[in-house]
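The values are calculated or read from the model by the stated rules, or taken from the named source; none is laboratory data. These figures come from a predicted structure and were not determined experimentally. Counting neighbours? That spans all protein chains shown, and the Cβs are built from the backbone with ideal geometry, glycine included. Calculation scope for accessible area: heavy atoms of the full protein, side chains included, ligands and nucleic acids excluded. Shrake-Rupley method; radii C 1.70, N 1.55, O 1.52, S 1.80 Å.
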Protein chains: 2
Amino acid sequence: MPTYKAPVDDTLFLLDDVLHYSRYDNLPGFSDAPRDVVEAVLNEAAKIAEEVLQPLNLVGDREGCKRAPDGSVTTPKGFKEAFKAYAEGGWISLPMPPEYGGQGLPAVLSHAVGEFMNSANQAFAMYPGLTSGAVAAILAHGSEEQKQLYGTRMIAGQWTGTMNLTEPHCGTDLGLLKTKATPNGDGSYQITGQKIFISAGEHDMAENIIHLVLARIEGAPAGVKGISLFIVPKFEVSNDGAIGARNAVSCGSLEHKMGIHGNATCVMNYDGARGFLLGQENKGLAAMFTMMNEARLGVATQGLAQSEVAYQNAVEYARERTQGRSISGVKAPQQSADPIIVHPDVRRMLLEAKAFNEGARAFMLWTALEADILHRSPDEEARKAADDHLGLMTPVLKGFLTDYGFENAVKAQQVYGGHGYVGEYGMDQFVRDARIAMIYEGANGIQALDLVGRKLPKDGGRAIMAFFKKVGDYVKEHEADEAMKPYVAPLGKALGDLQKATMWLMQNGMANPDNAGAASTDYMHLFGLVAIGYMWARIAEGAQARKAADASQAAVMDAKLMTGKFYMERMLPETGLRLARINTGAATMMAMPAEAF
Amino acid sequence: MPTYKAPVDDTLFLLDDVLHYSRYDNLPGFSDAPRDVVEAVLNEAAKIAEEVLQPLNLVGDREGCKRAPDGSVTTPKGFKEAFKAYAEGGWISLPMPPEYGGQGLPAVLSHAVGEFMNSANQAFAMYPGLTSGAVAAILAHGSEEQKQLYGTRMIAGQWTGTMNLTEPHCGTDLGLLKTKATPNGDGSYQITGQKIFISAGEHDMAENIIHLVLARIEGAPAGVKGISLFIVPKFEVSNDGAIGARNAVSCGSLEHKMGIHGNATCVMNYDGARGFLLGQENKGLAAMFTMMNEARLGVATQGLAQSEVAYQNAVEYARERTQGRSISGVKAPQQSADPIIVHPDVRRMLLEAKAFNEGARAFMLWTALEADILHRSPDEEARKAADDHLGLMTPVLKGFLTDYGFENAVKAQQVYGGHGYVGEYGMDQFVRDARIAMIYEGANGIQALDLVGRKLPKDGGRAIMAFFKKVGDYVKEHEADEAMKPYVAPLGKALGDLQKATMWLMQNGMANPDNAGAASTDYMHLFGLVAIGYMWARIAEGAQARKAADASQAAVMDAKLMTGKFYMERMLPETGLRLARINTGAATMMAMPAEAF
């Protein structure tokens, strides 16, 4: 049976010694979350993750969700009770605004907690996760009545939310969508159409489900400019929130998926369901993007989360499983074989995951902190810089963390040999669950295109220039420090690769957009490698300082310093390969006629 | 529903224009397989793969195998009939010696056919695959009676075979195995113990199952020097082959696996089953390796096979699915969106798979041809060189082809977006099935260690030196040729990386074996990249010659030339990264205490 222990200590170290969380205590709302509250919240989150959600993970995978002929859906045994505990524990309301029943705590705390919940049970965490995304869209674009009516109840976990974008013939290209909205004359609309891949679309865990649905109002312009966003409740509700008649929306079938079996992924049929415009007519895509951007950071966290839990189990197995002898001499003579953690190649797999996990966690928390600045800072310049950071980093985080998160789940499975391929240890579930994060909320190729096509050139490259300056300044500041050299020297080199790649894109992507497309995935990975490299340099700095200040932490800090060195020596050099690929351009790739593949 | 078309044309091109198959017609047995017979055999193999096995692939995945309380196992609907057709079609007997009912055809043909069968249905192909491995061990180590009694019936597909190595506490480290063999006094033994992960261990497709079982004869030395190999038939047989009483061997349970559901992976219980020594006492491991080496090439082919079939489906989807517009201008104005094959990043994924598939196929066929030379050539020098080649290349093929084969199945799935994650198109099955090949027959980390620890230093590095000379000579021979420059210049550079890495290993691996272990996987991949690079240079040479000779083939040959260029530009440069990693050594990796992970 797989196990999980939430990385509370590492999260606190990152907040304290790397991101210097306490320096932000002047931000509105941060005073409600001083250091001791943060620690208490993380410990409570760890508890529900480890004790309630994690034991349901395998159950969810094996049982899956079941749809009855009447369209109702039953979630796996225990999910309903766990959801109640989750909502009552305040885990949905944590970052939400107090005026709608939220606790108003920092996003950085909420993202830290999100990692724990997703490690423990991704299929479960998706239910509140989608609810949070839907709440974000309602709070950003809804009327005050909608915020009160839907928002408060969703924040309380009384009702849940979904996002309905995809149709059978369109996923990425939403301009093609066909779902229709016909005005009823009373301000409401009849929604008709079919949506697919709707996570948490139907279930038995809440009184009501609030579907946010993209549809086209009759007579609206073609393409993305004619798309509006609607609120379609499963049960109609009166203004006081009382549940009324069943709306004409139903789950037509459940998708049979590779993983996340505990989440109900539905085909949703809208047969003239009553819906209400959310935000402005024909501005639905922008409104949905409020939800999407939020969701993309959540999905990035899922990549990290699966990598972390898979890694933890692999480490435990590698320490316990004995097989063969160390090639440099017997290490456990009292046993018939050495534990497999003595083998360098097993360590390689574990360290690749560990170096990713801790670096990616720092990257994710750093960005979440920038989200707090964006939403809370009174300083306009600071808000603008934070907005730039979020825009630039969201596709990198989503694409890079989920690609590598999946690879690490595969490596952790590999540590188990044949025992990783059978269900017994649960390792194959981590691989199957991690796989979806590379696909949903915009497949990673779309993230890469968003990065090179939109985010990079935006405002004349202001965001990327700020990142270059930040990392470049950091390298300069520390390059003379002997202890920091093993970290900043490789970082400086990798930054150079990223700068060259960016220059190449600026020169060649404009002239021929296919050059940007051909470079996009390599560029996204190159960017992720540098960002995590920067995090590791800062982690090393923090670890050195902490070790100097507190000798009792020496062993823990030394492990971080070694892991960071491993990252610099073995993982960061991948930037050179990515740059070399980018430099080859699109010519060869595009020359091939479609029929010649 | 997924589709499959066996790559008969590419296989023939590789045999004719790259490997120059006809030059080997002086080898014994090759005269029975002239060019027209080869073509006919490939076409017949394509037919059974496409028409009989492929339609059962999804069925096998969905139904799986079922074990009844009496221990009997039912294979998925259609498997039994397909196995009959397969055996009667001569697909097991194809490469087997005529004196035992085989057709004596070349291994290169058998491996080409093996790819088709594994693309069509890997879970099915494992049944005859394991049988072939068991036959190889019996023919190499059995008495004449054993060869006649078991060999002929297994070659006919009347009985099937298995290999029983793994026990719950030991997989890689067979020295730990506990299964006991007690002499009965009549030349037979009582076999007692439990084996796990036994592919094709029990099923309903053949009259009898011949288990080859590693066990320790009472009083035998500890460790690998006390292991013997036994023949344990499911049903006892008399000397004339008549089926007798049920032997005390049974399937205790079926493993619940991530993939290859159509294959019965069994826990096998031996409760004093009657067994017969195969080969010499205490020499069981060597005898089992006859089977293992054969099987490793088969598993390498599975990596290629899953990559090929996943790629084919992804190409078809990418040509048909319309979504978004080309970033360099609308390509299909008559449609509401362009087919996604216009997008550079989709092409990148497809070309990475295509370049791998064709290069890996060449590598696999080249090595199979060397196996023919080893087993058939009258020239001792040629046999020795072929033996060197096989020893060196077997771990590279197994590790590299299965690692990249899996990655390509993942990429092909990614082309489908959300549609790849649900069962509908069958793409997730390719990923799940491909995953096992990285694990079984020696996990890929073991392959890498076999390569750097055994195969490289063997005979003073004779095998690797011969490979360097072959590739180096090829580069020199063609470097002045303008048309070949785009291929041989990068190949020369990559070969340099491999040579540097080899030199580093020789200097540092001896002094500290952990350096070899730390480098092993990167070295294996570096080697695979260069080997396939060499294949691509030869493919380019063959394609240029063919195009010059036959204008009607220009488009097909141009596609190969472009794909090869893509490999050289985008994939081969990975050698530099692998070398950089190897050069960092083991120090950082080994410094970490086990408890600090």
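Taken across both chains, chains B and A shield about 7600 Å² of accessible surface from a 1.4 Å probe.
State whether segment A:104-146 is rounded, prolate or oblate according to the following rule on the C-alpha gyration tensor (a ≥ b ≥ c being the square roots of its eigenvalues): a/c under 1.5 gives rounded; otherwise a/b larger than b/c gives prolate, and the remaining case gives oblate. Because a/c hits 1.5 or more and a/b fails to exceed b/c, segment A:104-146 counts as oblate.
Using only the Cα atoms of segment B:10-162, build the gyration tensor, take square roots of its eigenvalues as a ≥ b ≥ c, and label the shape rounded, prolate or oblate: rounded if a/c is under 1.5, else prolate if a/b is larger than b/c, else oblate. It would help to have the intermediate numbers written out before the result.
Values: a/c = 2.66, a/b = 1.31, b/c = 2.03.
Oblate, because a/c is 1.5 or more while a/b does not exceed b/c.
Modelled spin-label separation between A:H169 and A:S238, with each label point placed 7 Å from Cα along the Cα-to-Cβ direction: 4.2 nm.
For the pairs A:K500/B:K485; A:K469/A:K500; B:K384/B:K470, flag any whose C-alpha to C-alpha distance is greater than 18 Å.
A:K500/B:K485
Copy-to-copy label distances for B:R62, where each label lies 7 Å from Cα along Cα-to-Cβ, are 2.5 nm in order of increasing length.
Restricting attention to segment A:170-239, which chymotrypsin sites (Phe, Trp or Tyr not before Pro) occupy a DSSP loop and are surrounded by at most 12 other Cβ atoms within 10 Å? Passing sites in segment A:170-239 do not exist. Between helix B:574-583 and chain B, what is the angle of the helix's C-alpha long axis to the longest principal axis, kept within 0 to 90° and rounded to the nearest 10? In chain B, helix B:574-583 runs at an angle near 60 degrees to the longest axis.
Over 20 Å apart at the Cα level, from the set B:K180/B:K283; B:K47/B:K84; A:K411/B:K455, are A:K411/B:K455.
Between the beta carbons of B:A551 and B:E81, assuming R0 = 60 Å, the FRET efficiency works out to 0.85 to the nearest 0.05. Distant-in-sequence amide contacts of A:E167, defined by a placed amide H-H separation under 5 Å and a gap of 5 or more residues or a different chain, comprise A:I196. Sorted from closest to farthest, the other copies place their B:A596 label points 5.3 nm away, with each point set 7 Å from Cα along Cα→Cβ. In loop segments of segment B:162-237 as defined by DSSP, the GluC sites (Glu not before Pro) with at most 12 further C-beta atoms inside 10 Å of their C-beta are B:E218.
Hey, could you get me the Stokes-Einstein D for segment A:222-369, Kirkwood radius over alpha-carbon pairs, 20 °C and 1.002 mPa s, rounded to whole µm² s⁻¹?
Diffusion coefficient, whole number: 104 µm²/s.
Among chain B residues, the beta-carbon with the smallest distance to the axis carrying B onto A is reported, with distance in whole Å, as B:L577, 2. Carbon-plus-sulfur accessible fraction, chain B (probe radius 1.4 Å, protein heavy atoms only): 54%.
Enumerate by residue number the chymotrypsin sites (Phe, Trp or Tyr not before Pro) in segment B:1-93 meeting two conditions: DSSP loop (anything except H, G, I, E, B), and at most 11 other Cβ atoms within 10 Å of the site's Cβ.
Details: sites: B:Y4, B:F13, B:Y21, B:Y24, B:F30, B:F79, B:F83, B:Y86, B:W91; in loops: B:Y4, B:W91.
Within segment B:1-93, no chymotrypsin sites (Phe, Trp or Tyr not before Pro) qualify (loop, at most 11 other Cβ atoms within 10 Å).
By its C-alpha gyration tensor, with a ≥ b ≥ c as the square roots of the eigenvalues, how is segment A:128-194 shaped: rounded for a/c under 1.5, else prolate for a/b larger than b/c, else oblate?
Details: a/c = 2.42, a/b = 1.36, b/c = 1.78.
Taking the square roots of the gyration eigenvalues as a ≥ b ≥ c, segment A:128-194 is oblate.
Solvent exposure of segment A:454-584 amounts to 38 Å² per residue of accessible area, where only protein heavy atoms count and the probe is 1.4 Å. Against the criterion of solvent-accessible heavy-atom surface with a 1.4 angstrom probe, B:T74, A:T322, A:T394 sort, most first, into B:T74, A:T322, A:T394.
So if each residue of separation counts as 0.36 nm, and I subtract the Cα-Cα distance between B:K331 and B:R62, what length gain in nm does that give?
Details: separation 269, 0.36 × 269 = 96.84 nm, distance 3.89 nm.
Contour length minus the Cα-Cα distance gives 92.9 nm.
In deg cm²/dmol, rounded to 500, what helix-only [θ] at 222 nm does chain A give when every DSSP H run of at least 4 residues adds -39500 (n - 2.57) and the total is split over its residues? If you can, show how the numbers build up before the last one.
On the way: 18 runs with 310 residues, N = 597.
Rounded to the nearest 500, it is -17500 deg cm²/dmol.
Using a probe of 1.4 Å, the accessible surface attributed to B:D271 totals some 100 Å² when neighbouring protein chains are kept in position.
Please give the charge dipole size of the protein assembly as shown, origin at the Cα centre, charges +1 on K and R Cβ atoms and -1 on D and E Cβ atoms. Round to the nearest 20 debye.
Working: 112 positive and 138 negative charges, 133 e Å.
The dipole of the protein assembly as shown has a size of about 640 debye.
For the protein assembly as shown, the convex hull drawn through the C-alpha positions has a volume of 168 cubic angstrom per residue.
Computed from Cα positions, the angle between helix A:107-141 and the longest principal axis of chain A comes to roughly 40 degrees. If you take the Cα centroid of segment B:208-287 and the Cα centroid of segment A:161-210, the two points sit 57 Å apart. Give me the angle, in degrees from 0 to 90, between the Cα long axis of helix A:79-88 and the longest principal axis of the Cα atoms of chain A, rounded to the nearest 10. Approximately 90 degrees, to the nearest 10. Of the residues in segment B:551-597, those shielded by at least 40 Å² of accessible area once partner protein chains are present, compared with the chain alone at a 1.4 Å probe, are B:M562, B:E569, B:R570, B:L577, B:R581, B:T584, B:T588, B:M589, B:M590, B:M592, B:A594, B:F597. List the residues of segment B:395-415 whose accessible area drops by at least 30 Å² when all protein chains are present, compared with their chain alone, using a 1.4 Å probe and counting only protein heavy atoms. With the partner chains in place, segment B:395-415 has these residues losing at least 30 Å²: B:F406, B:V410, B:Q413, B:Q414. Taking label positions 7 Å along the Cα-Cβ direction at both A:E145 and B:N184, the computed distance is 8.7 nm, reported to one decimal.
Gap in Å between the Cα centre of segment A:121-137 and the Cα centre of segment B:540-583? Between the Cα centres of segment B:540-583 and segment A:121-137 lies a distance of 47 Å.
Taking the Cα centre of chain A as reference, the dipole from Cβ charges on Lys and Arg (+1) and Asp and Glu (-1) amounts to some 1100 debye. With each label modelled as a point 7 angstrom along the Cα→C-beta vector, the B:R383-B:A286 pair spans 1.7 nm.
Give me the mean projected area, in nm² to one decimal, of the convex hull enclosing the Cα positions of chain A.
Working: hull surface 116.4 nm².
Directional mean of the projected Cα hull area for chain A stands at 29.1 nm².
With its label point put 7 Å out from Cα toward Cβ, B:R35 sits 8.1 nm from the same residue's point in the other copies, in order from shortest. Averaging Cα coordinates gives a centre for segment B:458-526 and one for segment A:82-101; these two points are 59 Å apart. For the set A:K80, A:K560, solvent exposure ranked by accessible area (probe 1.4 Å, protein chains only) runs largest to smallest as A:K80, A:K560.
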